[in-house]
Amino acid sequence: MRLEILPGGEAVEQLRTAAPARILELDGFRALAVWMVFASHMMKGWPNSHADSAWMPRWLFLILDHGWLGVDLFFILSGLLITGILIDTRDDPRYFSKFYARRSLRILPLYLTCIVLMNWGHPGYGSYFLVCLVFLQNFVFGFGIATPHGPGVFWSLAVEEHFYLIWPLLVRFVSRRAVLFSALAIVLFTPLLRGIYTGKGYDIDGQIYVYSWFHFDGLAWGAVLAIWLRSRFFSRAMAHKLVLGFGGALFLITVLGYPYGILQGQTVASGALRYTQAQCLFAALMVLSLAYSGSVYTALLRHPFALFSAGLSYCIYLIHVVMGEVYYWGLNRFGIDEVASFGLPGSMLARTVAVFCLSISVAWLSQRYLEAPFLRLKRYF
């Protein structure tokens, strides 16, 4: 039986084998992830003048500049939610057909629509969109295929789909303890693999960033949290211990890796462990939010705008960079000098406001008229 966590978290100690039917705080993390990625692309997706960011406090610039780590937050969240679904349905005789049918209804309608429309809007990139059809877009470096600017964000969908080709088999046929140990093994092995191949000369911002096996640890961390959420060890007291563990790991990784350039960006230590640093932080925050679900401490994650954004996040993620391209196309089309028309802080602020409005509008239309009709078909699975 699924149990709801009561306001204030009174039911936390009762959870043993099932997760709450819905944890709104996880929607808040989904919203945080998509706006982190959005901010990163608004900061670095197009050339900016010094004036674009000179007005920002240093701390704000650093936060926005690291928004690309929102993808790693997405991976942890996906691993938590999907592994939870798989665990809760593992005894269903239609386990595989239900999972893949429901996932297809969620992912494919919007994804295929984007491929068709973006292929039309990006002539000359047909090879890229062909590999997107078989979820191999994160291997274009190896294929020697050029990647268009906006649709380049599709790479992360391929990472997830590759993980979920194998993971449902594991959850279905082995014990929960074996699933946990497998996830922990991935968590430990993946940074080592990144370090080895960074040392071999793989590009940190290229192959290391997008190849599937270099990013499976985020999804595995989510799986670990899903298992913890359904275990007899799920409690606030244990959450505090886990947070201390994640915090200690983050501190040690940073301190021990500092002499080896972990914060520099183009070193073996950075290639191996910078994602692990982010995962420790995100996992700690998620552990606390799960333990204090429904309480005043997590109210910001349940804010109406966060929940609204979460519902649109999939489409926003897929289209927001393309909406930036549409914005610049419109300026060129009408002969508008952006800086002269909008003033300082210049193009970045104007672009951000315009792309935000465009992305929200298109995502709302997509949810209402494209995604929702297909999602209603889930009841048959």
| task | Quick one: compute the contact order of the chain, relative version, from alpha carbon pairs under 8 angstrom and 6+ residues apart, as a percent. | result | 29
| message | Going by Cα centres, region 218-255 and region 98-128 are how many Å apart? | response | 35
| said: For the chain, take the longest principal axis of its alpha carbons; what is the angle in degrees between that and the long axis of helix 70-88, to the nearest 10 within 0 to 90? | reply: 40
| Computed [θ] at 222 nm, deg cm²/dmol, the chain (DSSP H ≥ 4; -39,500 (n - 2.57); rounded to nearest 500) | -22000 deg cm²/dmol
| said: For the full complex of protein chains and a 1.4 angstrom probe, list 56, 42 by accessible area with the highest value first. | reply: 56, 42
| request: Kindly report, to the nearest 10 Å², the accessible surface of residue 174 as traced by a 1.4 Å probe over protein heavy atoms only. | output: 40
| How large is the accessible surface per residue of the chain, computed with a 1.4 Å probe and reported in Å² as a whole number? | 48
| message | At 1.4 Å probe size, what's the solvent-accessible area of residue 141? Round to the nearest 10 Å². | response | 110
| query | Where does helix 268-291 land angle-wise versus the long Cα axis of the chain, in degrees 0 to 90, nearest 10? | reply | 60
| message | Per 0.36 nm of contour for each residue apart, how much would the distance between residue 184 and residue 90 grow if the chain were fully extended, relative to their Cα-Cα spacing? | response | 31.8 nm
| Of 110, 80, 331, the one that fluctuates the most in a GNM where the chain has Cα springs shorter than 10 Å | 331
| note | At R0 = 30 Å the Cβ-Cβ FRET efficiency linking residue 256 and residue 58, nearest 0.05, sits at 0.70
| remark: Once residue 149 and residue 334 are pulled to full extension, the length gained, defined as 0.36 nm per residue separation minus their Cα-Cα distance, is 64.4 nm
| Looking at region 193-256, which trypsin sites (Lys or Arg not before Pro) are in a loop (DSSP not H, G, I, E or B) and have at most 11 other Cβ atoms within 10 Å? | 200, 232
| message | Can you give me the % of accessible surface on the chain that is carbon or sulfur? Probe 1.4 Å, all protein chains present, nothing else counted. | response | 69
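The values are calculated or read from the model by the stated rules, or taken from the named source; none is laboratory data. For clarity, every value in this text was computed on a predicted model and none was experimentally measured. Heads up, the Cβs are rebuilt from the backbone with ideal geometry, glycines too, and the neighbour counts pull from every protein chain shown. What goes into the accessible areas is simple: the full protein's heavy atoms, side chains included, and nothing from ligands, DNA or RNA. Shrake-Rupley method; radii C 1.70, N 1.55, O 1.52, S 1.80 Å.
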